[in-house]
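Here is the structure we will look at.
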Amino acid sequence: MSPHAPSKARVPAVEGWFVPDDASAALLGGRCRGCGTYSFPRAPLACPNPACRSGPAEEVRLSRTGRVWSYTDAAYKPPPPYVASDPFEPFAIAAVELEEEKLVVLGQVVPGVSASELYVGCEMELVTATLYEDQTNVYLVWKWKPLDRPTSTPSGGRARR
Amino acid sequence: MTGSGRVAVLGIGMHPWGKWGRSFVEYGLHAANAALDDAGISWEDVQLVSGADTIRNGYPGFVAGATFAQALGWSGARVSSVYAACASGAAAIASARAQILAGMVDVALVVGADTAPKGFFAPVGGDRRDDPDWLRFHLLGATNPTYFALYARRRMAIYGATSKDFAAVKAKNSRHGAANPNARYRDVVDVDDVLASPVVADPLHLLDICATSDGGAALVLASMDFARRHAASLPSGGTGKGIVSIAAVSTVTPRYPNTVIEMPNFATDSAACLPSSSASGNEQAGGPAGGETDEPAAAPTGGFRSQVAAAAYEEAGIGPEDVDLAEVYDLSSALELDWYEALGICGEGEAEELLRRGCTELGGRLPVNPSGGLSSFGEAIPAQAIAQVCEVVLQLRGGAAGRQVAGARVGITANQGLFGHGSSVVAMR
Ligand SMILES: [Zn+2]
């Protein structure tokens, strides 16, 4: 590679779904101006609450931390349009419950954390991380990162289905 | 609408499931002819063809009803083609049933068939950044097994389920499917086989997850009056064990808020504001229940799958205690356990115990997936919900050789299509 090659631009892989700051990553969700319910991604046309006839939700930053509702991993390379690393590195996926918004949001877990290190109820924070890159850009996405890494995995979690 | 709301199932037909690599039209035609023969009805007597669409086989798949009608030879029959993801088969049954009950037609043919790609289901091609099904693959690498695994892990954390329990579901279904000539996988596997297969999405192993298959299934449905006249005209001159009829077809959508993460979504609905909360734009009275204003709307209980089943029971005028067998969508082994609870066969968190006691095995209190289920078939999307009904009807007739549920009188199917499609059919004799 030429030493004069410009560094790649860091761009979000999807527009308007999250704030791709390294220091203060946040999901951009919606909050209904009428009933106050939340949505992710933001409900752009109408409130999802059937008892509410308000219009588009206002954009809000969702809570940056939450607890694992459930988790899994991708042991095999997902098909396109996923852009997989070569060689493929398995990754964990977490569904994280945000307490204030009372919604559960999916995200990949940061590289280096395996599913065996997670547990239901595990506290997670949102970060910005690389999804994939091409010749000109690094494409960013939100990912979940454990706030701590316990050696034992307590059982349980709040039962709510 | 007990009794008066019924339609008769005159005929059932299937093309064996497999990875045949031929046109879905061929499978559908085969199944349709088998169902017509089974019913003793000629194609030209069919007044409506109701097709369940496939979205991976080009234009003919999007207009499946017409595709099958043309393959059988244009007869002037009415046509309907519907898509509802994994629930497409039930949606096609619902369309036919509605037109029969409305008195528009007497005899309808319902057909679904698919030719499936290999491996994980990927979204339909193209660069579609406004399609959540495309985006969940692109942004998360979230395949269908990702979601099944989230539910499975949740059962382990909340109810103490184990990988062995999940494997035991697969083992049970393999014993059932071994006796089904239409099943794709007919080898009996045991718990150790499942646990020895590679982990695809922790905690699910390869053998916990259903494959994708080619296959076709069809039903001949008729009004009860037509069925009685038709039965009297047959050489046997009678109805034998009675006419098998469909008493309910539940095709409901979820109630807000749906607090379980569903394919292909990135998040659940928010439970921060329940439907009972006061809304600023409240010109719409009544809410989702449609006129039941005597009590405030509350958070829906039990999740979408329970709502799907509840609607079927209510329409049929029965409860879980009346059911003799169930065919449920075991996209994963663990998901079958979720369905036990959604169908009310047991309480929340009791599915593992029900399984361990053998209640859902052939010979048990309420056999589940006597056909072998998706784990023995693999999923042929638009055919699958129809195939579930084929199995229930065969069981109610007493014709399921090698896997018969003794004395079965009532059966229920249950299934769910992504983007919020419920599917549950109650059949009885
Ligand atoms: Zn609202």
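The numbers here are math on the coordinates, done by the rules we state, and not lab data. Just so we're clear, the structure is a prediction, and the values are computed from it rather than from any experiment. When we count neighbours, we look across all protein chains shown, and the Cβ atoms used for this are built from the backbone with ideal geometry, even at glycine.
A compact table of results
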| read-out | value |
| --- | --- |
| Mean separation of Cα contacts under 8 Å, 6 or more apart, over the residue count of chain B: relative contact order % | 25 percent |
| Sites A:GLU89 and B:MET104 - FRET efficiency at Förster radius 56 Å, r taken between beta-carbons, to 0.05 | 0.45 |
| Part-to-part distance (alpha-carbon centres) for the stretch B:1-55 and the stretch B:371-398, which is given in Å | 13 Å |
| Structure-based [θ]222 nm, the protein assembly as shown - -39500 (n - 2.57) summed over DSSP H runs of at least 4, per residue, nearest 500 | -7500 deg cm²/dmol |
| Derived scalar couplings ³J(HN,Hα) [the stretch B:32-45; Karplus, 6.51 cos²θ - 1.76 cosθ + 1.60; whole Hz; x for Gly, Pro] | 4, 5, 5, 5, 5, 4, 4, 7, x, 10, 8, 3, 6, 8 |
| Cross-link partners of A:LYS8 among aspartates and glutamates (Cα-Cα below 14 Å; sequence separation of 8 or more within a chain) | A:GLU133, A:ASP134 |
| Distance violations [Cα-Cα > 27 Å] among B:LYS19/B:LYS170; B:LYS19/B:LYS164; A:LYS143/B:LYS170 | B:LYS19/B:LYS164; A:LYS143/B:LYS170 |
| Most positive-pole-ward Cα, A:ALA75, B:THR54, A:CYS122, against dipole of the protein assembly as shown from beta carbon charges | B:THR54 |
| Shielding of A:25-37 by partner chains, average beta-carbon count, 10 Å | 4 |
| Two-site FRET efficiency, B:THR253 against B:SER23, from Cβ-Cβ distance with R₀ of 56 Å, rounded to 0.05 | 0.95 |
| Amide proton proximity set for B:LEU325, modelled H, under 5 Å, gap of 5+ | B:VAL410, B:ILE412 |
| The stretch A:1-97: GluC sites (Glu not before Pro) falling in loop per DSSP and having at most 16 other Cβ within 10 Å | A:GLU15 |
| Inverse mean reciprocal Cα-Cα distance (Kirkwood Rh) of chain A, Å | 17.3 Å |
| Distance in nm between pseudo-label sites at A:SER24 and B:ALA406 (7 Å out along the Cβ direction from Cα) | 7.1 nm |
| Gained length - B:ASP37 relative to B:LEU234, 0.36 nm times residue gap less alpha-carbon distance | 69.7 nm |
| Label-point separation, A:SER114 to B:ARG78 (7 Å along Cα→Cβ), nm | 5.9 nm |
| Normalised contact order of chain A, rounded percent, pairs of Cα under 8 Å and 6 or more residues apart | 23 percent |
| The stretch B:330-429, relative contact order [Cα under 8 Å, separation at least 6], % | 19 percent |
| Between the stretch B:166-233 and the stretch A:76-116, the Cα center-to-center distance that results, in Å | 30 Å |
